[in-house]
Each structure stands twice: as C-alpha cells, then as structure tokens.
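A short write-up of the structure that comes next.
The values are calculated or read from the model by the stated rules, or taken from the named source; none is laboratory data. This is a predicted model, so every value here is computed, not measured. Backbone-built Cβ (ideal geometry, glycine too); neighbour counts: all protein chains shown.
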Amino acid sequence: MYKHILIPTDGSALSDRAIRHGVALARTFGAAVTALTVSPPFHRFTLNPAQVSAISEQLLLGPGVALAVAKVEAQIAGVPCETVHATNDEPYQAIIDTAKTKRCDLIVMASHGHWEMLLIGSETIKVLTHSKVPVLVLPVSG
C-alpha cells in the first residue's frame, strides 16, 4: 500500500511516538522511511525570546539528535531509513517539499510538538491544508 513514508520530527516525545508508529507502518507495508527535521535559519534579530532559546538549543544539539531516534527505530525494525535535515522558516513547507522530492506517499506526524511553541499556528494543520500527500496525524494522547 505505502512504499515510502516521511516522518517529520522535532525531537519532542510526541515526535518520537510518531517515529515509532511510522516505522511500524513501514515494516508492515515493506516501505522505506525518510525522517526529516527542520531547523529555522538563524536570524540575528527576533522579537520572540522563545525562538532565540529554541534556535540556540538546536544549534548546540544539532539536527542529528532528533534524527537519531528515527535511525535507531528503523534499524531495529529492519526498515530502510534515510535522514534529512532542512533549513526553512516554515517547517510545514519543508515537510511538503521533502515529501514531494523524496516521492513519499504518506506523511506520519504528531499533532503537536516544539514547532507549535516556536511559531504562530499549527505546522500540522498547515501540512494537512497544503499537502497533496496523505497525512496520518497521531493525537497528543492515546
């Protein structure tokens, strides 16, 4: 049914849950996985202190931390996994662009995460609104 699943992650516990779910689906369908993390470009000026803190954390920890969970989960499940780090002010756009570029036929993502704390509006809602690829959204609890 699905051959290539995109799993965006921001390193949150909810994203880790989406990774586990997406990898399990990939294993079931014999699909490959692409794990994606999106970092905003560093801006010298911002009025949002939360953005400065989050960007500083991302710069210190690097995108590898968020992607490592996906790589390990996929390896344990025997699922092929590619990791991608994108830089974009609009995480939803990077998610949609990566799904298109990598020819993914499903996006599996959490309903909330760090991105929602950084930006006004839900990145998940934006992906749902603009994506031409089906999106499976995992709820906060469950």
Residues satisfying the stated conditions in region 63-107, i.e. acidic (Asp, Glu), in a loop (DSSP other than H, G, I, E, B) and farther than 16 Å from residue 25 by Cβ = 89, 90
Single residue of region 1-58 satisfying the filter (among the acidic types (Asp, Glu) and either modelled with pLDDT under 90 or not in a helix (DSSP H, G or I) (or both)) that is nearest to residue 87 (Cα to Cα) | 10
Give just the number: which of (1) modelled with pLDDT of 95 or more; (2) among the small types (Gly, Ala, Ser); (3) under 15 Å from residue 21 (Cα atoms) does residue 110 not satisfy?
-> (1)
Residues within region 59-84 that are at pLDDT below 95 and not aliphatic (A, V, I, L, M), tallied = 3
